[in-house]
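One structure below.
The values are calculated or read from the model by the stated rules, or taken from the named source; none is laboratory data. Just so it is clear, the model here is predicted, and its values are computed rather than measured. Just so you know, the surface numbers come from the protein's heavy atoms only, side chains and all, with ligands and any DNA or RNA stripped out. Shrake-Rupley method; radii C 1.70, N 1.55, O 1.52, S 1.80 Å.
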Amino acid sequence: MRKIISVLVALATLCCFTACTTGAVVHKVYYNGNEYWICGAGDTGEGSVLEACGLPEELTADLCGEFIGFLESAGNNASEVVESETDIPVYNYAPQETENVYIVEIDGIYYAAIRHDGEIYYGLN
């Protein structure tokens, strides 16, 4: 399983993680000392990453649990979770308690922020 996820990481780094219609790109999110990568569903090409991490290929509002904060730019195509209000809310993953996955809403579209350590994703599995 780790080898499959490692291959998916290599493929995912080739994908563009478009975060909103303004053309801004968010690759990483920093939260609680961990790094998370934003992955989308649909035609983003990241459905295989979501599947390998045990997540549904369709990300909806039903996956949003408790509100935890907002995303704010940290520079270099990265963001961090902050308390001050921005346009991008972040939620716990509702179906199960985990520190590996959070749900991010950008312009009404839901994304998964999946913990990543440079080699593999840590999903629900």
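Measuring nothing but protein heavy atoms, the accessible surface of segment 51-125 at 1.4 Å probe radius is 38 percent carbon and sulfur. Multiplying the residue separation of Leu124 and Ile109 by 0.36 nm and removing their Cα-Cα distance gives an extension gain of 3.3 nm.
A 1.4 Å probe run over the protein chains yields, for segment 47-125, 52 Å² of accessible area per residue, whole-number rounding.
Backbone geometry of segment 85-94 corresponds, through the Karplus equation with coefficients 6.51, -1.76 and 1.60 at θ = phi - 60°, to 3J(HN,Hα) couplings of 6, 10, 7, 10, x, 10, 10, 5, 7, 5 Hz, x marking Gly and Pro. Using 0.36 nm per residue and subtracting the Cα-Cα separation, the extra length available between Phe67 and Glu80 on full extension is 3.2 nm.
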